[in-house]
Every structure is written in structure tokens, then in C-alpha cells.
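Since every read-out is calculated from the coordinates, none of them should be taken as a lab result. Quick caveat: nothing in here was measured; it's all calculated off a predicted structure. Glycine also receives a Cβ, built like all others from the backbone with ideal geometry; neighbour counts cover every protein chain displayed.
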2 protein chains.
Amino acid sequence: MTLVTNIPYDNLEVGQQASLERTVEERDIQLFAAVSGDNNPVHLDAAFAAETMFKERIAHGMFSGALISAAIACRLPGPGTIYLGQQLKFTRPVKLGDTLTVQLEVLEKLPKGRVRLATRVFNQNQEQVVDGEAEVLAPRAEQTLNMPEMPMVTVG
Amino acid sequence: MTLVTNIPYDNLEVGQQASLERTVEERDIQLFAAVSGDNNPVHLDAAFAAETMFKERIAHGMFSGALISAAIACRLPGPGTIYLGQQLKFTRPVKLGDTLTVQLEVLEKLPKGRVRLATRVFNQNQEQVVDGEAEVLAPRAEQTLNMPEMPMVTVG
């Protein structure tokens, strides 16, 4: 059982931060290919990827987008947040085995419960791999949720 | 075996379109929760979702982002494309069973192989659920790839 408490609009402050870390595993690339439908060989075929400018397999760019969305939905502001928009700039490739850190920061509190967040992703060498901003509708009320179990998924 | 031919920069024309259709299944929501780490009950718990403003379970917003990225990577311009950036506006909720159509359109050919694409997603009622734009580096050369098999994934 995992309890998660959100941060309602009134308790959000400009400069407030949250982060989420995740190492990119084989399983992640396989799952992202399956759910998105993007089975490009640069993601799935090591021999093919070795001949590209990346020299090795890379994660799907939008996998980082998925991590950003999870960080927003689970941590800042957390459950009850409504995702209004997201800008993403993919600045460097993400490789199998990279450890990504999603960093969120409250940039601005807008009228009607809306909030602008910085959404940056770094790799284990402190190189930025994604830059961007999100706009969300923050929850009005503080709420502690018992999060459902993660779905059981088997690859292969 | 699926052969996919990309559309290199020189062959892209403003106004050129491509689309991709996908019905949102239980499996998609479970997989997206697993790969993103977002296990919010609004996506996974029907009883909880019934009490929200959405009245029923909704798909993760970034699932539509994943479909857009797949449409770009597999269809327009297709394999060899490098994803530089994406803007997304989530304009309506996506529900289990909705049939989404991702519509891509070449908006502008920029210098140095870059291309600006409209990335719009509609549901089966022709209601727009996502609006946005992508910027990509189009492939230089036409290439026909034998796409790898989709990863085998079992849910539950």
C-alpha cells in the first residue's frame, strides 16, 4: 500500500521543487515500444543502432515525457492534478542504462488554479536531456490517496 | 515482416498529411501506468474514477503524446527522424474505448533539415483531444526498413 498526498494550489509556492529518478532498463524500452507502437530499430535493434549517429540503442524521446507526466501526477502537485499542456525540447539522446532525474519546479501560479512548472530531465552525468514546461490545473483540496498496485506486466 | 519507407526532407511538402488510428484498450492504460510509473486511481480504479469530474476512468494524457511520437517516427517523416521538440495541449479527456486518430501535417520546412509538424488528436466523435506541434530533424535519405517485431508483452 502506497499513500500519496498531493499539494493543493493554495500550498504551492514559486520555487518549490520535486524530483523523480529512474534508470532506463531494457524493459522500459520494450514496454514503451509496445504501448506507443513505435518499433523503430534504433530503439530495439543493437546492431542497427550501432550504425547510426547514436552508436547504440536510444530510448524513445517520449519515454522522458512519460516520466515527466508521472512526476507531475504523483508528486508535484500530485493526485488530482489535471494536465493542461506540456512543451518538450529533446536536447540529448537517452541511452539504455542511463539514470534519469526528472526535476520539477513551480515557475508561476496562474489564475483559476493553474500552475506553470519547469520540467527538466538530466542524465547521470548532469547533462540535460529534456527541457520544457508544463501547465496544470492543481488540485483544490489536499487529499491522501492509497495508490492502486502497479499493473503486473511481463515482457518477452 | 513490416517494411516501412520514410519520407526524406527533400520529398516533404507543406500540407502533406499522415494519420494513425488507435482504440484505447485496458491493456494500453495498464502498460502506460507500468512504463511511466503513474498509477493514479483515475486511470486504474473504476470506482474511484466514477466519483471524479470525469465520471469514468481516463487514459494518461501522455499516452496521446506517445501515439503522436509513434506516428512521427513510423509514418511522417518515419524512420531516421530525430525528435527535437513537442508542444501539447490536452483539450479533452480520453476514455477507455475511445478511438483516437492522430493527424500529422507538415506546417513548415525549416533550414538544416528541420520540419515543423501539426500534431492533432481526435476521438471517434471528431472532438479534438490534443492540439500541438512537433519539430523534427527529417531524414536526409530515403530508406526502407524492415521494422523489428513488436515486443511481446503480457499484462496481468
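For A:83-95, what's the mean count of beta carbons from other chains sitting within 10 Å of each residue's beta carbon?
Mean inter-chain Cβ contacts per residue within 10 Å come to 5.
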Original post:
Over the protein assembly as shown, what per residue volume does the convex hull of the Cα atoms give, in whole Å³?
Top reply: 132 Å³
Subject >> Derived scalar couplings ³J(HN,Hα) [the range B:117-123; Karplus, 6.51 cos²θ - 1.76 cosθ + 1.60; whole Hz; x for Gly, Pro] >> reply: 10, 7, 10, 10, 10, 10, 9
Subject >> Percentage relative contact order, the range A:1-107, counting C-alpha pairs under 8 Å, at least six apart >> reply: 47 percent
Subject >> Radius of gyration and maximum dimension Dmax of chain A, Cα, Å >> reply: 16.8, 52
Subject >> Sorted peptide list for B:36-46, B:90-100, B:141-151, criterion being average Cβ within 10 angstrom, highest first >> reply: B:36-46, B:90-100, B:141-151
Subject >> Within straight-line cross-link reach of A:Lys95, lysines at Cα separation under 17 Å, skipping those fewer than 8 residues along the same chain >> reply: A:Lys55
Original post:
Taking a ≥ b ≥ c as the square roots of the eigenvalues of the Cα gyration tensor of the range B:32-106, is the shape rounded (a/c under 1.5), prolate (a/b larger than b/c) or oblate?
Top reply: prolate
**OP:** Would you compute the Debye intensity of the range B:1-53 from its alpha-carbon atoms alone, equal scatterers and no solvent, and pass along log10 I(q)/I(0) at q = 0.14 Å⁻¹ to two decimals?
**Re:** -0.66
**OP:** With θ set to phi - 60°, apply the Karplus curve 6.51 cos²θ - 1.76 cosθ + 1.60 along the range B:148-156 and write out the HN-Hα couplings as whole Hz, x wherever there is a Gly or Pro.
**Re:** x, 4, 5, x, 7, 9, 10, 9, x
Subject >> Residues of type lysines that B:Lys109 reaches as a straight line, Cα spacing below 24 Å, ignoring anything fewer than 8 places off in the same chain >> reply: A:Lys89, B:Lys89
Original post:
Taking H as built 1.01 Å from N, whose amide H comes closer than 5 Å to the amide H of B:Asn6, not counting residues under 5 places away?
Top reply: B:Gln143, B:Leu145
Subject >> 0 to 90° range, to nearest 10: angle between helix A:26-36 axis and chain A longest Cα axis >> reply: 70 degrees
